[in-house]
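Enquirer: Below: one structure in structure tokens.
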Amino acid sequence: AVPEFPRPLPRFPKEFLWGVSTSAAQIEGAVEEGGRGASTWDVFAGESGRIKDGSDARVATDHYHRYPEDVRLLKELGVGAYRFSVAWPRVVPDGRGAVNAAGLDFYDRLVDALLAAGIAPVPTLFHWDTPQVVEDGGGWLVRETAEWFAAYADAVAARLGDRVERWITLNEPAELTLLGYGLGQHAPGRELLFGALPAAHHQLLGHGLAVQALRARGARSIGIANSHGPTWAASDAAQDRHAADFYDRLLNRLFAEPVLLGRYPDEDVAELLPGNVDDDLKVISQPLDWYGINYYQPSLVGRPRGEATEVGGTRIPEGLPFAPQDIEGYPRTDFGWAVVPEGLTELLVGFRERYGKRLPPIVITENGCSYEGIDDRERIAYLDGHLRALHAAMAAGVDVRGYFVWSLLDNFEWAEGYARRFGLVHVDYATLTRTPKSSYRWFREVLREQAGG
Ligand code: GBH
């Protein structure tokens, strides 16, 4: 039976792009097949104590072998687009140099299967799975990595560019910088605190160089997927507002402004960056066709408390100039993240106010939640609320062209392992059986309704 709608959603524009998202390291498995090289996540998950449930992503959902079934699930669902990521270590196992044709063959088959199902492929070129050899050479802390990334982007575009229309360069460079290089809770497990900032700059430079490589191959629709959320100060006190402003500059504006405005948000941060960044900012700020936003929840931030804290699964050490706090007074997902749909309206309206004409059309490239169970009414409520909030932003004049649910499938949720389930489709990890959840049937109805007259 189709779960009931709380009430019908408002109508979105006819040409609005509806989709779902995944990423390679979280679903593919088959880490030693088809000539794939090791990624930082293979190595990181192999170290004891890194992944909370002791798991790794060697098999994950086995999408590498089961992609025909997953494409059938997408087709049944009725999405117009599917956002997946291409694994750099599958395509260029040594990070630079020789292209592995067998690795590209996999994405070639996937793209053809999607097109045959009437679904637009939307590849992301980098969703955190750096080739380990690149990491061994300094990873995103060094400039060369941006250049190698662009060479890899060129190889992917050369192979898929005749069939792929829309491209995404990076996924959430903020998270890789903070969690991977700053706090060590994601691969590559470095704990450099503010010493992580060169990784932000080099990812952004990699984005700009990849845009150039894609353009040279004729790409006409390119975006980035940045994570953003409104930042709320814990109180009106100056110290809390100052801390929240710092957090906002570090996690939102540091990644939006180089791309949209061609500058870093402030001098303090620019001083921590390598060398003279002015020429790089010209590369980073090349015009995009659209700007992707991954939205999960706002951040509530106050002054430092002189002790480590844990928020939403992230351990924040003491000594930082801010302290994120739990948001009270809203429902929570089973990850502990507050459910705040109106935060999405606030975010989008705020983006338009701040960036005005410099802001290209927006696509919500991820939005979703973690809940247990196959009859997942909470996920329906979450998505329903966020789609209404998105519509409200559009009604207020924000130009939004698409919306992608994270995620099609339950998958490897990074440091959480398999404990957090974000899928519209349940995966039984013992048998790899896929079972559509109530939210899948609900979303299918939404898509039908939106497509109908
Ligand atoms: C995305 O990251 C990833 O792109 C995707 O791979 C992942 O599976 C998915 O989301 C679900 O996690 O204010 O301290 O509570 C999401 C990154 C993590 C960004 C939580 C906001 C809030 C930190 N988000 N974070 S806190």
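Enquirer: So how far, in whole Å, is the C-alpha centre of segment 268-303 from the one of segment 142-156?
Expert: Measuring centre to centre over Cα atoms gives 19 Å.
Enquirer: What is the chain by shape, rounded, prolate or oblate, if you read a ≥ b ≥ c off the alpha carbon gyration tensor as root eigenvalues and call it rounded for a/c under 1.5, prolate for a/b larger than b/c, and oblate otherwise?
Expert: In terms of gyration-tensor shape, rounded.
Enquirer: Which of the lysines could a cross-linker span from K75 if the Cα-Cα distance has to be under 27 Å and same-chain partners fewer than 8 positions apart are dropped?
Expert: Straight-line reach from K75, under 27 Å: K14, K437.
Enquirer: Highest first, please rank the peptides 34-40, 441-447 by the mean number of other Cβ atoms sitting within 10 Å of their residues.
Expert: 34-40, 441-447
Enquirer: Relative contact order for the chain using alpha-carbon pairs under 8 Å, separation at least 6, rounded to a whole percent?
Expert: 18
Enquirer: At a Förster radius of 45 Å, what calculated FRET efficiency corresponds to the Cβ-Cβ distance of S48 and R11, to the nearest 0.05?
Expert: That gives a FRET efficiency of 0.30.
Enquirer: Now for a separate question. Could you tell me how far the Cα centroid of segment 1-66 sits from the Cα centroid of segment 324-387, in Å?
Expert: One Cα centre to the other: 19 Å.
Enquirer: Okay, moving on. Once the piece of chain linking D112 and E191 is laid out straight, how much longer is it, given 0.36 nm per residue of separation minus the C-alpha distance between them?
Expert: Answer, rounded to one decimal: 24.3 nm.
Enquirer: Ordered by packing density, taken as the mean number of other Cβ atoms within 10 Å over each peptide's residues, highest first, how do 65-78, 425-438, 369-382 rank? Intermediate values should be presented prior to the final figure.
Expert: On the way: 65-78: 17.7, 425-438: 15.8, 369-382: 19.3.
Ranked from most to least packed, the peptides come out as 369-382, 65-78, 425-438.
Enquirer: Hey, with R₀ at 45 Å, roughly what FRET efficiency would S221 and L272 work out to, going by the Cβ-Cβ distance, to 0.05? Could the numbers behind the result be given before it?
Expert: Values: r = 33 Å, r/R0 = 0.74.
About 0.85, to the nearest 0.05.
Enquirer: Hey, another quick one. Give me the net charge for the shell around R303: Cβ to Cβ below 13 angstrom, other residues only, Lys and Arg +1, Asp and Glu -1. Present the calculation step by step, with values, prior to reporting the outcome.
Expert: On the way: positive: R241, R305; negative: D236, D240, D245, E307, E318.
Local charge sum for R303: -3.
Enquirer: Roughly speaking, what is the stretch gain from A308 to A419, that is 0.36 nm per residue apart minus the C-alpha to C-alpha distance, in nm to one decimal?
Expert: 37.6 nm
Enquirer: Here is a further query. Which of rounded, prolate or oblate describes segment 243-309 when judged by the alpha-carbon gyration tensor and an a/c cut-off of 1.5? Can you show the working numbers first?
Expert: On the way: a/c = 3.35, a/b = 1.46, b/c = 2.30.
It is oblate, given that a/c is not under 1.5 and a/b is not larger than b/c.
Enquirer: Please report the relative contact order for segment 100-208, taking Cα pairs under 8 Å with a sequence separation of at least 6, and give it as a percent rounded to a whole number.
Expert: Normalised by residue count, the contact order of segment 100-208 is 30 percent.
Enquirer: Could you tally the net charge around L260, taking each other residue with its Cβ under 10 Å from the Cβ of L260, Lys/Arg +1 and Asp/Glu -1?
Expert: +3
Enquirer: Placing +1 on the Cβ of each Lys and Arg and -1 on the Cβ of each Asp and Glu in segment 240-304, which of L251, L300, I284 has its Cα farthest towards the positive end of the resulting dipole?
Expert: The one lying farthest along the dipole's positive direction is L300.
Enquirer: Something else: Sum up the charges of everything whose Cβ sits under 11 Å from the Cβ of A419, counting Lys and Arg as +1 and Asp and Glu as -1, but leave A419 out.
Expert: The answer is -3.
Enquirer: Using just the helices of the chain, give the 222 nm mean residue ellipticity in deg cm²/dmol: DSSP H runs with n ≥ 4 each add -39,500 (n - 2.57), and the total is spread over all residues, rounded to 500.
Expert: -11000 deg cm²/dmol
Enquirer: With a/c under 1.5 counting as rounded, go ahead and sort segment 315-401 into rounded, prolate or oblate using the C-alpha gyration tensor (a ≥ b ≥ c being the square roots of the eigenvalues; past the cut-off, prolate if a/b is larger than b/c, else oblate).
Expert: Note, shape of segment 315-401 comes out oblate.
Bear in mind that the values in this text are calculations on the coordinates, not laboratory data. Small disclaimer: the values here were computed from a predicted structure and weren't measured. Note: ideal-geometry Cβ built from the backbone for every residue, glycine included; neighbour counts use all protein chains shown.
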